[in-house]
Structures are given as C-alpha cells and as structure tokens.
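Peer 1: First, the structure itself, so that you have it in front of you.
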Amino acid sequence: MTNSAIVRAPSAHDAPLSIAQILAHGIAKAPAQEIVYVDRLRYNYSTLDERVRRLAFALSKLGVKRGSTVAVMDWDSHRYLECFFAVPMMGAVLHTVNIRISPEQVLYTLNHAKDDVILVNAEFAALLESIHAKIRPGVKLVLINDVAETPRTSLPFAAEYESMLDRASPTFDFPQLAEDTRATTFYTTGTTGLPKGVYYSHRQLVLHTMAVATALANAPHATFTARDVYMPITPMFHVHAWGLPYVATLLGVKQVYPGRYVPDVLLGLIRREGVTFSHCVPTILQMMLGSPAAQDVDLSRWKVIIGGSALPIALARATVERGVDVIAGYGMSETCPILTLAHLRPHMSEWDVERCVPFLCRAGRPLPPAAGEQEAPRRRLGGRRRPSGEPRP
C-alpha cells in the first residue's frame, strides 16, 4: 500500500483557528452593517472593530495580559459583544458571570476563576458591593453605566467603560495565539454542590460557529443567513447566548441587543428593527406571545430556536399559528453548546400544522460534521462528572 500523504511545501503554514478570524470576516463582509443597543446606541461593524481595539488597549492599561481573566456582569448589550472579541483576542480569558445566581455563588465563581478585572453594570453594583470584601485582593473594577448619574456605592472603580474607551487608542496589535488557547469560561449551576467551571478554546468556538452557520444556512426552514436581523433573547452570560452572536458576526448581519428582557421592549424591537432571527426559552416566548403588544406586531418573518427546556406542543402550535417559524434545539455546556436542531425534512413541507408540530418539538438531528466529532470543553473542577442539568438549547 502506497503512502498517499500530501508532501507539504517548506513554506506551508497551518493558520490557527481564532476568534479574531470571525470578527475580521464579518467586518470585511459588511463594514456598514448596524449593531443596535435597545434605543440607546447604534453603530456599524467598522466602529465595532475600532471599539474592540480600544477596549483591548484600555484593558491592557489596567494590567490585562495573556492568561489574565476578565469578568463581565451586564445585560445583553453591544458591550458584551465587544468583550466576546476583545478579551479572548488579547490572549486573556473572558468570564461571563451569571448574574441570576445567589451572591454567594457569584462570589465563588469570581474567586475560582481568579478574575483580574470585573466589568460591572451599575444595576449589579449593590450585588457586587455585598460580596466585595471577600473577593480576592487586587481585582480592578470597571463601571458600566447606561445613565448619566453615577451609582451611590463604596466600590472602588478604576474606570468607567465608555470614558475608558474614549481615552484609549483605536489601534491595538493583537497577538497571534495558538488555537487551543483558553478563550472563555463560565460556570454551570444545575449540578449539586458548588458551580462547575467550564472553559472553551478559540478552536472550539470557531468550529462551533462554522457548524451552526452551516446547519442554519442549509436548512429547509428556520434559516439564519446574511439577510437576517439577529436579536438574542438568551443571556449572553449563558454559553455565549448559545454561540449565536459569533455566528451573527461571521455572517455580517444586523445585530440588535435588547438589554434586560421585557416582553414589550422585545416586541417593539422586532417591529422597529425588523428582527427576523432569535432564540429563547419557552417561558420568554410564552410571555411575548401573551403580551397585548404582540397583537400589533407582525411576527410572520420571525424565526426562533427554542431551548432550555422542552418546547410544549401547545406552545409550538400557538407559535406556528402566529406565523412564527419555530424549532426546538438541544445542547449542553459540554457541547459548546448547540448539538441538534429540529428542522423538518424537505418532504414534510406539505404536511399540515398538526402533523408537523410534534417534530418541531423534538431534539432534532445533529449539526455537521457529526455529534460525536464535536470537541468537548475542559472542566476546571475534577472528580466525577454529573449530568449538568443546565438550561440548554
């Protein structure tokens, strides 16, 4: 049997997979595309690129370097998107803090992750203040504030986010990183005992992004393509909003970030900004459809992935009857996270609603290349691995 290996040229180079490639592709593809934060801010992808560099420069002045960890406590916002790129691209680790767990659990995750800097929304200042004395020494705090008034707090903020970016240089030379470099970390809370830490590499996030983009672009319905307008309704602290902001940036689509989830606000953004693609848990979908404001919003162009818990058949039926293209999905922290999506097969397109709905509620079929080939994240706590129980898409 002959050796069929390809002979590599001496100059051949395997470029490592990096989150920076996702950002660069989106900016090159759609530099003028919009990013919207509720009704407070609107800018384009070129500005996103500049703000990512300004953020990296500012964080470096606070002492962030390769191997540092930067925590974020914020609602879904353009700032979170900037952190999704700036922090990992520096070679640091982004810690997305679950602000819905108890203060004691938040404290544990901040200390266990060994955060060096914490970016905190003013709305969570009281929570952080209640545990600040027990946070490991030397952690620097950066205030995130959507209003002009500075919150009354004893927290020793080193900077304010927007002022920090205004003073920062718009240029920053990001290092070339090995693709197995840690990029992000977060903590699962569905297990017994203390929260369990998980982290992802640049390689894992890039492969997940490409797998999800491929699966959704080639689906018979509930697609996600460059023509869509994206709005997450899954917290960005929860497995990177299921990884969809990375997919959205790769595609160069218009992105709409809603801040705190209020059904009427979400519906208003769908109407005003033309949102066509989202993802959420069944409870949020039920609240939105049940809001009186929903009667005045055309949802016939809206496509939604449901996860976190099973999609009830009755809710799926009501959603389809409103004209929404809805499917269920399944995933776990261990799968980065999306693993399967419940797209109908092409031959089902002629079926009536009652026949289709049960299939829309199933876990679905695996993303490419195959379920068993996806790379699992590394856990930061040893011992027996328990089923996570974590809300999952």
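Peer 1: Express as a percent, rounded to the nearest 5, the fraction of DSSP beta bridges in the chain (both residues included) that run antiparallel.
Peer 2: Here the antiparallel bridges make up roughly 35 percent for the chain.
Peer 1: Give the Cα extents of the stretch 306-350 along the principal axes, in whole Å, largest first.
Peer 2: So the extents along the principal axes, rounded to whole Å, are 35, 23, 13.
Peer 1: With the Cα gyration tensor of the chain in hand, give its eigenvalues times 5 under a square root as the equivalent ellipsoid semi-axes, listed largest first in whole angstrom.
Peer 2: In descending order the semi-axes read 32, 27, 22 Å.
Peer 1: On to the next question. Leaving out same-chain residues fewer than 8 places away, which aspartates and glutamates sit with a Cα under 12 Å from that of Lys140?
Peer 2: List returned: Asp115, Asp116, Glu160.
Peer 1: Run the numbers on the stretch 202-379 and let me know its relative contact order in percent, using alpha-carbon pairs under 8 Å that are six or more apart. Before the final figure, lay out the partial values.
Peer 2: On the way: 306 pairs, mean separation 38.6, N = 178.
Dividing the mean separation by the residue count of the stretch 202-379 yields 22 percent.
Peer 1: Counting each DSSP H run of 4 or more residues in the chain as -39500 (n - 2.57), what helix-only mean residue ellipticity at 222 nm follows after dividing by all residues, to the nearest 500 deg cm²/dmol?
Peer 2: Here the helix-only value at 222 nm equals -9500 deg cm²/dmol.
Peer 1: Moving on to the next point. Within straight cross-link reach of Lys29, meaning Cα distance under 27 Å, which lysines are found once same-chain residues fewer than 8 apart are removed?
Peer 2: Once the sequence-local lysines are set aside, what remains near Lys29 is Lys254, Lys303.
Peer 1: For the stretch 45-188, what does the alpha-carbon gyration tensor say about shape, rounded, prolate or oblate, given a ≥ b ≥ c as the root eigenvalues, a/c under 1.5 as rounded, and a/b over b/c as prolate?
Peer 2: oblate
Peer 1: What's the local net charge at His221, with K and R +1, D and E -1, over the other residues with C-beta under 12 Å away?
Peer 2: Working: positive: Lys303, Arg345; negative: Asp325.
Taking every Cβ under 12 Å from that of His221, the sum is +1.
Peer 1: Could I ask something else about it? Where nothing but the Cβ of Lys and Arg (+1) and of Asp and Glu (-1) is charged, how large is the charge dipole of the chain around its Cα centre, in debye to the nearest 20?
Peer 2: In total the dipole reaches around 960 debye.
Peer 1: What ranking, highest mean first, results for peptides 288-297, 147-156, 122-131 when packing means the other Cβ atoms within 10 Å averaged over each residue?
Peer 2: 122-131, 288-297, 147-156
Peer 1: Further, regarding this structure: Which of the listed residues, Trp302, Val324, Phe277, is farthest toward the dipole's positive end in the stretch 202-379, when Lys, Arg count +1 and Asp, Glu count -1 at the beta-carbon?
Peer 2: Most positive-ward Cα: Phe277.
Peer 1: Report the local net charge at Ala342: Lys and Arg +1, Asp and Glu -1, summed over other residues whose C-beta lies under 9 Å from its C-beta.
Peer 2: +2
Peer 1: Let me see the P(r) profile for the stretch 155-211: every Cα-Cα distance counted, bins of 10 Å, each bin given as a percent of all pairs.
Peer 2: 17, 24, 36, 22, 2
Peer 1: Give the dimensionless ratio obtained when the Cα radius of gyration of the stretch 202-379 is divided by 2.2 N^0.38 Å.
Peer 2: For the stretch 202-379, the normalised Cα radius of gyration comes out at 0.98.
Peer 1: Give the span of the stretch 232-329's Cα atoms along each principal axis, as three whole-Å numbers ordered largest to smallest.
Peer 2: 32, 30, 22
Coordinate-derived values only; no laboratory data. Quick caveat, the model's predicted, so the values are computed rather than measured. Cβ sites come from the backbone with ideal geometry, for glycine too, and all protein chains shown count toward neighbours.
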